[in-house]
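What follows is a short report on a single structure.
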Amino acid sequence: ANPGFVVRITQAGLDYAHQHGITVLEKELAQLKLQDISGDFRLRHVAKVHYELSRLDLRSFHLPHSRISLVPNVGLQVAISNAFAEMDGNWRVKMYFIRDHGSFDLKVENIYIKINLKLGSDASGKPTVDTSDCSTRISKVRVLFSGKFGWLYNLFHSAIESRFRKILESKVCENVVRSVRNELQPYVRTLPVTARIDAMAGIDYSLVAPPTATAQSLDVDLKGEFFSLAHRSAVPFSPLALAFPPDHDRMVYFGASSYFFNTAGFAYHAAGALVFEITDSTVLSPRNGGLCRCPYPLPAPLQLEKMYPNTPMKLRLSAPSAPFLNIGPGGLSLKPIVDIQAYAILPNSSLAPLFLLSLTSNVSAVIDVKSGHIVGSLNVGSVWSPALPQAKALFLPHLFPPQVRMLQSIMNVFASNILLPQLNARLDQGFPLPLPDRIQLSNILVRFHQNFLLLGADVHYQPR
């Protein structure tokens with residue numbers, strides 16, 4: 001199945017993430033712990049020398065040169081070169097009657113580390129990352145002993161250096177694997193696979209496939225589907241394929257398909273959210289000459305004034321079906337249908353139906369990103385008009401064509417001045433983008449393509 005939402009991380013985005021990741025790894029390696037080391041060796045086939053190295057303390061571990069690379073269809077590779085470390089500790093040696101002890105400094109240079117990261121997803125649709133391979137090569141180890149018997153230390157320092165090299169090569173990869181599992185894996189799992197929007201709806205951002213590495217980017221395919229919290233039902237349409245453009249100027253790109261937006265309309269319609277009722281501001285009264293006590297009084301059909309003088313009204317605005325949004329190079333547009341049912345509120349609180357208007361209009365949408373949310377607003381492109389050719393069939397028999405046109409004008413004002421502002425107030429709150437913890441977006445780019453909206457941004461990570 002095609003994704004409803006795609007996240008593309010470019011090489012620039014990976015480089016930015018890599019900078020922070022290397023900082024974390026450098027701190028982890030600086031805390032590397034080594035156990036005491038002891039051993040024996042025979043000196044010139046005559047004397048046996050016993051040595052002990054204790055209180056090993058790694059003072060620093062520096063990773064000055066590193067890069068992250070995309071490995072198509074595999075994942076990511078991190079290569080670290082010319083790393084170096086410094087360590088000190090205590091030593092003790094025994095040979096016949098000779099006993100000595102002191103301290104030493106250890107300098108490890110030209111450390112090369114290669115890490116392969118495997119990307120995937122679990123059963124819940126959350127991303128996963130693990131180390132598929134790690135190798136470490138150390139070219140140079142120097143041990144500087146302090147003590148009286150310099151000739152003795154020079155005889156066995158090469159054996160000590162060789163042993164240190166093997167131990168460090170093993171310990172470095174152990175710490176790399178531990179850092180990926182304890183630091184990187186929990187962080188990528190902060191990507192929300194479901195996001196509650198309000199009391200009615202949520203968004204499903206679960207991965208539909210493991211992330212895919214190409215030569216230029218890392219693509220993450222998400223379900224990208226709104227759903228009703230009260231009752232989740234199958235969406236009666238499917239997402240189309242997204243033809244992503246070869247843009248790489250930003251660190252990250254989001255592709256929100258028309259499917260993504262249309263499932264929002266479907267979910268809110270199913271939840272009964274696209275229904276608006278107005279009672280306080282409307283009254284049928286010949287004295288005020290119109291349908292409402294608002295700043296724009298409008299004339300009511302004379303017959304209604306005579307039938308229900310000084311009677312409060314109730315207007316019910318609703319969408320008979322979920323609005324369907326179209327996305328193209330020119331922008332976002334939709335032609336929503338709005339049913340406006342009018343009632344007179346009788347003294348016994350019962351409702352007397354007055355008329356039903358079904359209107360449609362060309363509506364355009366403006367989209368932006370604010371505080372990690374997709375926000376928008378709707379604009380009416382033309383006046384509301386009857387949604388059906390036989391509009392007269394929707395009215396009660398006591399209304400005549402001139403009155404139909406009058407009511408149509410009245411309802412245009414209500415739809416444009418009451419319905420749209422309420423919808424725009426909700427759209428201004430926005431819908432959250434799938435972002436891990438402590439990520440902020442800047443330098444926002446908004447572009448329209450066939451069947452999807454492309455959002456580009458640079459990212460800023462705020463450490464704890």
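Cα centroid distance between segment 134-149 and segment 1-75, in Å? Segment 134-149 and segment 1-75 have Cα centres spaced 17 Å from each other.
Hey, got the dipole for segment 186-256? About the Cα centre, +1 on K and R Cβ, -1 on D and E Cβ, debye to the nearest 20?
Details: 5 positive and 7 negative charges, 50 e Å.
Using Cβ point charges on Lys, Arg, Asp and Glu, segment 186-256 gives about 240 debye.
Axis of helix 150-179 versus longest Cα principal axis of the chain: the two differ by about 20°, to the nearest ten degrees. The calculated pair-distance distribution of segment 62-152 uses every alpha carbon pair, bins of 5 angstrom beginning at 0, and gives 3, 11, 15, 13, 12, 10, 9, 8, 7, 5, 4, 2, 1, 0 percent. Sequence neighbours fewer than 8 away in the same chain don't count; with that in mind, list the lysines whose C-alpha is under 26 Å from residue 306. The reachable lysines, counting only those whose Cα sits under 26 Å from residue 306, are 314, 392. Annotation: lysines with alpha-carbon distance below 20 angstrom to residue 223 (same-chain offsets under eight excluded): 126.
Along its principal axes, segment 20-189 has C-alpha extents of 68, 27, 25 angstrom, given from the largest down. Straight-line reach from residue 48: taking Cα to Cα under 30 Å and skipping same-chain neighbours fewer than 8 places apart, the lysines in range are 33, 94, 107, 140, 148, 166, 171.
By the Stokes-Einstein formula, at 1.002 mPa s and 20 °C, the chain with its Kirkwood radius over alpha-carbon pairs has D equal to 77 µm²/s.
Distance from the Cα centroid of segment 320-385 to that of segment 81-124 is 67 Å (rounded to whole angstrom).
In the full protein context, segment 68-212 carries 49 Å² of accessible surface per residue, based on a 1.4 Å probe and ignoring ligands, DNA and RNA. Using the average count of surrounding beta-carbon atoms within 10 Å as a protection proxy, the listed peptides 333-343, 177-187 rank, highest first, as 333-343, 177-187.
Dipole size in debye (nearest 20) for the chain around its Cα centre, Lys and Arg Cβ +1, Asp and Glu Cβ -1? List each step's numbers first, then the result.
Working: 44 positive and 34 negative charges, 178 e Å.
Dipole of the chain, to the nearest 20 debye: 860 debye.
Helical runs (DSSP H, four residues minimum) scored at -39500 (n - 2.57) apiece and divided by the length of the chain put the mean residue ellipticity at 222 nm at -6500 deg cm²/dmol. Neighbours of residue 340 by Cβ distance under 12 Å: Lys/Arg scored +1, Asp/Glu scored -1, total 0. Rounding to the nearest 10 and keeping the result within 0 to 90°, find how far the Cα-based axis of helix 401-414 lies from the longest principal axis of the chain. With both axes taken from Cα atoms, the answer is about 30 degrees. Nonpolar atom fraction for the chain, defined as the carbon and sulfur part of the 1.4 Å probe accessible area, stands at 53 percent. Axis angle, to the nearest 10 degrees, between helix 258-270 and the longest C-alpha principal axis of the chain: 60 degrees. Annotation: peptides 25-32, 234-241, ranked by per-residue average of other Cβ atoms within 10 Å with the highest first, follow the order 25-32, 234-241.
Which order do peptides 61-73, 81-93 fall in by mean Cβ count within 10 Å, highest first? Provide the component values of the computation, followed by the final result.
Working: 61-73: 14.9, 81-93: 17.5.
The densest-packed peptide leads the list: 81-93, 61-73.
The values are calculated or read from the model by the stated rules, or taken from the named source; none is laboratory data. Owing to the predicted nature of the structure, the values given are computational and were not obtained by experimental measurement. Glycine also receives a Cβ, built like all others from the backbone with ideal geometry; neighbour counts cover every protein chain displayed. Please note that ligands, DNA and RNA were not included when accessible areas were found on the heavy atoms of the full protein model with its side chains. Shrake-Rupley method; radii C 1.70, N 1.55, O 1.52, S 1.80 Å.
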